[in-house]
Every structure is written in structure tokens, then in C-alpha cells.
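For reference, the structure discussed in these notes is given below.
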Amino acid sequence: MIADDVAYFLALHAIGIVATDLFAGRMPDQPDVCMVIAETGGRDPLMVMGSDTINVERPGFQVHIRDTSYAAGEARAYAVFALLEGITEAPLVSGTPSGATYKLIHASQSPHHIGLDDQQRHLWVQNFSVLWENPDR
């Protein structure tokens, strides 16, 4: 759910095209230049005092970027970082697949180059934490 929301948000801001070079959940073998948003474990959910329902969840997601050029991959990674870091109290896009309100998106780290894959393509990764009101709760 979050991976789809983030992918659509990045596409809306011209950082990739969904299902062409921007994917949610899994990075395909091709194209050489692409990005994937993968949901990760986060922190424990928050509950409001006096309520037995979960009001705010704190999941995480990771952005993986692959590029044949170190410089181009780094530039894309920092563009994603600048766009997502510090988003508060908003749906990511009107008509976001989940319909969720994102209370906060916070970068857990700056973009990090993790080396080359077996095809000699550069890999970048960055992690984000989220506070959100899950619409399914």
C-alpha cells in the first residue's frame, strides 16, 4: 500500500514512470536504470489513551535505485531524498491508491551507495520511516 503511494507520488513529480522504470515491491532484472519502493518493518503502532483501536501506524519503506552511472544514480537518489524528507499531514497525491493521510515521512538515513550488482550497475539505497493513519483500520 505505502509502496504504491510513494511510487505514484514520485511519478507525479517526474521521478520515474510507474511500471516502466519505477516499481513497487520488487526490482525487475531490466531496465538497467530503475527504482523500486519496498515496504519494510517499522515501529510499534500508536494508540490513543482510552481507546482500544490503533490510530497511527509507524511502518517504513526503502528506496532502491539502480543506474549504469554513479553520478546519475546519486542525483536521482538525492532528488528522491529531497522530495520525500519531511512530508507532513498530507495524502501523497489526490487519489492515492491507499487514501491514507501521511502525518510524517522522515528519512532514516541519507542516500547510500551500496556497490555494484553482478551487471556492474550502481546501487543506491535509502530508508524512510512513516507516521500514517491507515485507512484500513
Practice task
Sort out which residues of the stretch 52-89 are β-branched (V, I, T) and open to solvent by less than 30 Å² (accessible area, probe 1.4 Å), and write them in order of number.
Solution key: V56, V63, I65, V80, I87
Exercise for the section: Just one of (1) in contact with a strand residue (DSSP E or B) (Cβ under 7 Å, 6 or more places away or on another chain); (2) farther than 16 Å from I105 by Cα; (3) open to solvent by less than 80 Å² (accessible area, probe 1.4 Å) trips up A38, so point out which. Expected result: (2)
Completion exercise
Those strands (runs of 3 or more DSSP E) completely within the stretch 5-117 that have 1 or more residues that are at pLDDT below 95 and closer than 14 Å to S129 by Cα are 34-47, 54-67, 87-90, 101-107
Handout entry: So D32, is it surrounded by fewer than 18 Cβ atoms within 10 Å (Cβ to Cβ) and farther than 19 Å from Y102 by Cβ
Key = yes
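The values are calculated or read from the model by the stated rules, or taken from the named source; none is laboratory data. Note that the structure is predicted; figures quoted are calculated from it, not measured. Glycine also receives a Cβ, built like all others from the backbone with ideal geometry; neighbour counts cover every protein chain displayed. For accessibility, only protein heavy atoms count, side chains too; no ligands or nucleic acids. Shrake-Rupley method; radii C 1.70, N 1.55, O 1.52, S 1.80 Å.
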